[in-house]
Structures are given as C-alpha cells and as structure tokens.
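Any read-out appearing in this document is the output of simple, stated calculations on the displayed coordinates, not a laboratory observation. Owing to the predicted nature of the structure, the values given are computational and were not obtained by experimental measurement. Glycine gets a Cβ as well: all are built from the backbone with ideal geometry, and neighbour counts include every protein chain shown.
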Amino acid sequence: MSTIYLGRAVAPECTERVAAVKVIRHDLAQDARMIQMFMEEGKILALLSHPNILRTFEYGATGEQQFIAMELLLGRTLADTWEACVAKRLALRADMSAWVCARVADALQYAHDLTDPSGQPLGLVHRDVNPSNVFLTFDGRVVLFDFGLVNTRVKRAPSAAGIVKGKLPYLAPEQIMQFPIDRRADIFMLGTTLWELSTMRRLFKRDDDVATVKAVRSGPIPDPATILPGFPERLARVMKRALERNRDHRHATAQELARELDAFVGPAAGEMPDLVAGILDHLFPGERARQHGWLKRTSALAPDSRRSTLAPPAPLPTSSVRVVPPPPSRPRKT
C-alpha cells in the first residue's frame, strides 16, 4: 500500500538528518479505507519507543499526500541472513539465534504492554512476526518493524471475510482458524522463527498455500535434536513451549520467553552485537561499504533534486498479506 523514499532534513535544528519516508501509493491515494489504515498505522507507530523497534519520527499529511517518517537502518533482514546462510551451507550459532529472538521478544513485550495516553492498555498484537520483519544492522542491533498489520483493542478497518493477514508459514494456528487472537500468537510466530534459525530448515512452509495452512494447523513439529544431533536440550525445551498449538501451554508473555532465551545464552550475550555485525560482513561482503556509499551519494544530492532517484541499498520485503479460504464451520454439538 505504500512506496518508500529517502527523506532528508533541511532544518539545521533537526538531529536526525535522514529518514525512510513511507508514502501511500498514488493509485490508492483516494481509497478512504487504505488512507484510514495507513494513518492508523502511523498513529500506533508514533507511540512505540524501544531500542528493538524501528523508530518513527512523525506522521501526517502534506496536502493530500499521507506519510510516515521512520528511522533509516543499514544492514539486512533476518530473512536475508538466513537465506544467505542456506545458500552458503552455513549454520547460525544456537546462542546467537536465541539472542536475536530474545531481543525480538523484548520488543514484543514492550508493544504488548503499551497503553494509550490515558493509561488504558492498547492490547497490541503484531501478528506478522517473521524473519522478513526483523532487521539486523551493521552495528549489531536487532530491530522489529512493520506494524502495519497490528491488532489492537481500538477499532480498526475490518478485514474482509476469508482474509488472513500475515505470512502463512509463520502464522499461529488460531490465526489460521480465524479465532480471536492475543499476544500469545506473536509468541508462536517467534517460536517458528527461532526453530528455523536454529535448524536452518523451514518448519511449516510447503509447496502451496493450502498445504502450508494444513502444516500450521496440524503438521509435525520435529524435535531439533532429530535434525541436528547434540542440539542443546535446554533450547529445544524453550522452542517446544513457544510452539504449543494450545496457546494456554505457551509462554504467557514475551518477557517470559526472553528470560528463558537469555538464560540459555548466558555470559555470551555481551559478544552478540559484534557477532551479528561480523556475520553480516561475512555473508554480504562489501555490503556495508556499498550501503554507506549509497547514503553518502544521496546526501550529496542538491535539496531540489526531486527528480533524482537511486536504487534502494537492499531488497525490500515482499507483501505479507495472503488470501486463504475461511475455515469450515464446525458442527454444533447436541
């Protein structure tokens, strides 16, 4: 629903000189529902302030053009990193995978606990937690982004019947069944992400959407030790709990999950930012210099160079929304 531009501050008092500016697509600029969704997203993003969540500087409209100005990050997504490892037949360290997911869990806990200005809980659920929405920066930060599908207690534009929002292989079973969801759906999605990072395998992804949906609902969840002999039993227990299909058996909060993961990582946590940065440099040689060079070239453009364009520094994630049939109605018990 949007296009991303690079924005530059021209006022000398601005401390943030550059930003990623999200602008509603021209062909949707007259769609009242899309405009409502876009501005609701900006309103929620403006409330989020956490080290592991993408910062939003401001949102609004200039004339008829809606925009959201966000922090510009240099690095690659977790999905890019995973795919590069698979291509090179490399594996991520178990403790690094746990640490990265613990930082995402920290971000989720903050979002889940968010309140409105009056102190009322927003009941926020990300509902699209997956490697494409986690960013690793060249200085070792882990950043969760894309809250465009967020669910809150505040009424938002409803989804059409039969629409399941989010990337299918990472959805929680209750999302597939279109049941009411809560924060525990995010925990299941993060559990799927952790399983895949730790094993370098896909968990629920199948050849087509229908098979993927069936796998999420009832497919096997292998013990990582059956794939990687000697896999840490402690980490396997954490993943098993996060991936319970009965949400009452999962971690009750993201904070609880983060604590278990941090306990597994232990003292090695201090070296993880440098390890993340080193892995990016190894997997994407020359990428750090290329992205910094891209940013330098954009800064050299004259302020009125509106017709000047540059390719983005890294591939952008694909759309997260997929259409699947609604579940069949259940027969009533007599």
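Compute the signed sum of charges (Lys and Arg +1, Asp and Glu -1) over the other residues within less than 9 Å, Cβ to Cβ, of P51.
+1
Could you check the spin-label model distance between K214 and V10? Points 7 Å from the Cα along Cα→Cβ, value in nm.
Placing both labels 7 Å beyond Cα along the Cβ direction yields 5.9 nm.
Dipole size in debye (nearest 20) for region 2-72 around its Cα centre, Lys and Arg Cβ +1, Asp and Glu Cβ -1?
On the way: 7 positive and 9 negative charges, 26 e Å.
Charge dipole of region 2-72: 120 debye, to the nearest 20.
Suppose every K and R has +1 on its Cβ and every D and E has -1 on its Cβ; what is the size of the dipole of region 75-277 about the Cα centre, in Debye to the nearest 20? If you can, show how the numbers build up before the last one.
Numbers: 28 positive and 25 negative charges, 109 e Å.
Here region 75-277 has a charge dipole of around 520 debye.
Charges at C-beta only: +1 for Lys and Arg, -1 for Asp and Glu. How large is the resulting dipole of region 1-158 about its Cα centre, in Debye rounded to 20? Write out the running numbers ahead of the final one.
Numbers: 17 positive and 18 negative charges, 66 e Å.
It works out to roughly 320 debye.
Counting other beta carbons within 10 Å of each residue's own, what order do T62, T77 fall into, fewest first?
Sorted ascending by nearby Cβ count, the order is T62, T77.
Please report, to two decimal places, log10 I(q)/I(0) for region 75-277 at q = 0.08, 0.15 Å⁻¹ as given by the Debye formula with identical point scatterers on the Cα atoms and no solvent.
For region 75-277 at q = 0.08, 0.15 Å⁻¹, log10 I(q)/I(0) is -0.25, -0.93.
Of A242, P267, G219, which is farthest along the charge dipole of region 217-271 in the positive direction, counting Lys and Arg as +1 and Asp and Glu as -1 at C-beta?
Farthest along the dipole direction, towards plus: G219.
How far apart, in nanometres, would the label points at D139 and R297 be if each is projected 7 angstrom from Cα along the Cα-to-Cβ direction?
Simple spin-label model gives 2.4 nm for this pair.
Using the Karplus curve 6.51 cos²θ - 1.76 cosθ + 1.60 with θ = phi - 60°, work out ³J(HN,Hα) for each residue of region 117-129 in order, rounded to whole Hz, and write x for Gly and Pro.
x, 8, x, 7, x, 7, x, 6, 10, 5, 6, 8, 6
Any chance you could list P(r) for region 2-72, counting all Cα-Cα pairs in 10 angstrom bins from zero, rounded to whole %?
20, 51, 26, 4
Between V86 and V18, how many nm apart are label points set 7 Å from Cα along the C-beta direction?
In this crude label model, V86 to V18 measures out at 3.0 nm.
Within 10 Å of each residue's Cβ, count the other Cβ atoms and sort R245, R259, R250 from fewest upward. Present the calculation step by step, with values, prior to reporting the outcome.
Numbers: R245 14, R259 17, R250 22.
Neighbour counts put them in this order, fewest first: R245, R259, R250.
Please arrange S132, S198 by counting, for each residue, the other beta carbons lying within 10 Å of its beta carbon, fewest first.
In order of increasing Cβ crowding within 10 Å: S132, S198.
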